[in-house]
1. Residues in region 36-43: is at least one acidic (Asp, Glu), surrounded by 10 or more Cβ atoms within 10 Å (Cβ to Cβ) and modelled with pLDDT under 95?
2. Tell me yes or no: at least one residue of region 77-84 is in a loop (DSSP other than H, G, I, E, B), at pLDDT 85 or above, touching a Ser or Thr at 6+ places or on another chain (Cβ under 7 Å) and surrounded by 13 or more Cβ atoms within 10 Å (Cβ to Cβ).
3. Filter region 20-32 down to the residues that are buried (at least 19 other Cβ atoms within 10 Å of the Cβ) and either in contact with a Lys or Arg (Cβ under 8 Å, 6 or more places away or on another chain) or in a loop (DSSP other than H, G, I, E, B) (or both), then identify the one that is modelled with the highest pLDDT.
4. Which of (1) within 10 Å of the chain's Cα centre (by Cα); (2) farther than 17 Å from residue 77 by Cα; (3) at pLDDT 90 or above does residue 109 not meet, given it meets every other one?
5. Contact list please: Cβ distance under 9 Å, first residue in region 38-54 and more than 24 Å from residue 93 (Cα to Cα) and part of a loop (DSSP other than H, G, I, E, B), second residue polar (S, T, N, Q) and modelled with pLDDT of 95 or more, pairs at least six apart or on different chains.
Amino acid sequence: MKASGIAVAFLALVLVLTGCRGWSVSQCVSPRVTGRVVDSETHQPLERVEVQRATTRLRQAGNSPPKGAQLMQDAPRIVLTSADGSFTLDAVYSVAAFRILSWSSVDVQFRCPGYLALTTNFTPSTASFSPDGAPSVNAGVILLHRRQSAVSPGVPLEGSSTTTTER
């Protein structure tokens, strides 16, 4: 009888400490990201732009490197923009029963044929929170710049170097 009384007291303490709210071992490790991608010159929406998380930096005690299933879970998921240029990257959750995880920033990549690739990042200060506590980032309008089809004389290509010699 004494053991069941202790169990009831323990259960009551747990309910009080958690606010009688359900507790989950699943924690949000990367926010939901929404936005719209358009051409930087015409401001027309771009359809079928590949959007993906490049990285998500986590804050966790110990900072041990990812292993096994976590590496598979962290594999990038690509979404395509719709006809109006809009996209949604869903929030990513991870099971972490005995540690607290939170994200410190997330890098998002945008790729489209004929346009320069773009990588940008978002931090928790740019996030809002849904009623269930999940972070959400509104990226707003993302401008992609067209690739230059012709190279101007004397202008080096990105990532290359030029040297001139006098004759």
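1. Checked region 36-43: no residue is acidic (Asp, Glu), surrounded by 10 or more Cβ atoms within 10 Å (Cβ to Cβ) and modelled with pLDDT under 95.
2. No, region 77-84 has no match at all.
3. Step by step, filter region 20-32, then rank; the result is 31.
4. Among (1) within 10 Å of the chain's Cα centre (by Cα); (2) farther than 17 Å from residue 77 by Cα; (3) at pLDDT 90 or above, the lone unmet condition for residue 109 is (2).
5. 46/81; 47/81; 47/82; 48/81; 48/82; 49/81
The values are calculated or read from the model by the stated rules, or taken from the named source; none is laboratory data. None of these values were measured; they are calculated from a predicted model. Glycine gets a Cβ as well: all are built from the backbone with ideal geometry, and neighbour counts include every protein chain shown.
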